[in-house]
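Before any comments, here is the structure.
The values are calculated or read from the model by the stated rules, or taken from the named source; none is laboratory data. The structure displayed is predicted, hence computed values, not measured ones. For neighbour counting, all protein chains shown are included, and Cβ atoms are generated from backbone atoms with ideal geometry for every residue, glycine included. Calculation scope for accessible area: heavy atoms of the full protein, side chains included, ligands and nucleic acids excluded. Shrake-Rupley method; radii C 1.70, N 1.55, O 1.52, S 1.80 Å.
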Amino acid sequence: MTRIFVGFMICLLLLNCAKKEEKAVNKNKPYIISYEDKELQNYIDSLKKSNSKTVAFPRKGFYGEHQLIIDKKGNLYFYQKEYIMITCSYGSENDTLPHFLGLEPKDIVRIPQKNLTDFLSENILTKEKNRQILIIASQKDTIKNTSFFEFLNKKNIDTYIIRRTTQEEDTVLKYKNNTNKHIYYYPDSIKWDKTKIKLPVKN
């Protein structure tokens, strides 16, 4: 009888360990941007077809006040834009191309992985609630480093958007990480792909 009881307890213990391991794997699974965008669009389409009273909108616009960039190697970078209060996302429905920001290499700072929580807490969570919005931009479609998701969940950031990096972000980041210190970034000398960016109109 004792052997049966001990055997039952061992099986129960192993089963619990297996469940914990399964949860850990799911929690740390890669985030695939194109897949998640497609799922969102499918959800929106299904609501329209079913004439549901629930309303969902596709993501509009590209930039916010705070941007976190993940490069191809998994390194983390951060830059901020001037805060502009926009009500009812006015005009964002026409933002099919990212606008030229005039971003420069000095505007982007690299964040050590171990300091991510403190850095984002200091730069985002100290602001008003309606300004606690984070844009996460990745150079790769699949994000394998999901440590920042834990920060988002633990620190209760209600709004965040995940997208691919823009042409301007990729270009500026390339110059920032250039080991040749004699090469300077001049945006006017860049051959921008105008199908991927909206450049300012020159007079």
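Note down all Cβ pairs under 7 Å where the first residue falls in region 183-194 and is touching a residue at least 40 places away in the same chain (Cβ under 8 Å), the second is among the β-branched types (Val, Ile, Thr) and in a helix (DSSP H, G or I), and they're at least six residues apart or on different chains.
Tyr185/Val172
May I ask you to list the residues in region 168-203 that are polar (S, T, N, Q) and over 21 Å from Ile111 (Cα atoms)?
Answer for region 168-203, where residues must be polar (S, T, N, Q) and over 21 Å from Ile111 (Cα atoms): Asn180, Ser189, Thr195, Asn203.
For region 41-54, does any single residue satisfy the condition of being out of contact with any Lys or Arg (no Cβ under 8 Å at 6 or more places or on another chain), farther than 27 Å from Leu116 by Cβ, exposed (fewer than 11 other Cβ atoms within 10 Å of the Cβ) and modelled with pLDDT of 85 or more?
There is at least one residue in region 41-54 that is out of contact with any Lys or Arg (no Cβ under 8 Å at 6 or more places or on another chain), farther than 27 Å from Leu116 by Cβ, exposed (fewer than 11 other Cβ atoms within 10 Å of the Cβ) and modelled with pLDDT of 85 or more.
Taking only pairs six or more apart or across chains, which ones have beta-carbon atoms under 8 Å, a first residue in region 156-176 that is without any contact (Cβ under 8 Å) to a residue 60 or more places away in the chain, and a second residue that is open to solvent by 40 Å² or more (accessible area, probe 1.4 Å) and not aromatic (Phe, Trp, Tyr)?
Close Cβ pairs satisfying both conditions: Ile157/Leu125; Ile157/Ile133; Asp158/Lys129; Thr159/Ile133; Tyr160/Ile133.
If you check Leu97 against the conditions, is it within 28 Å of Thr195 (Cβ to Cβ) and modelled with pLDDT of 95 or more?
Spelling it out, it is not the case that Leu97 is within 28 Å of Thr195 (Cβ to Cβ) and modelled with pLDDT of 95 or more.
Only residues that are in a helix (DSSP H, G or I) and more than 17 Å from Pro98 (Cα to Cα): list them for region 171-187, please.
Within region 171-187, Lys174, Tyr175, Lys176 qualify.
Suppose we filter Thr166, Thr171 for residues that are β-branched (Val, Ile, Thr), touching a Pro at 6+ places or on another chain (Cβ under 6 Å) and within 22 Å of Gln80 (Cβ to Cβ); which single one remains?
Result: Thr166 is the single residue among Thr166, Thr171 that is β-branched (Val, Ile, Thr), touching a Pro at 6+ places or on another chain (Cβ under 6 Å) and within 22 Å of Gln80 (Cβ to Cβ).
Could you please find all residues in region 155-170 being charged (D, E, K, R) and either outside any helix (DSSP H, G or I) or modelled with pLDDT under 75 (or both)?
Passing the criteria: Lys155, Asp158, Arg163, Arg164.
Please enumerate the residues belonging to region 157-168 that are within 17 Å of Phe119 (Cβ to Cβ) and over 11 Å from the mean Cα position of the chain (by Cα).
Of everything in region 157-168, just one residue is within 17 Å of Phe119 (Cβ to Cβ) and over 11 Å from the mean Cα position of the chain (by Cα), namely Ile157.
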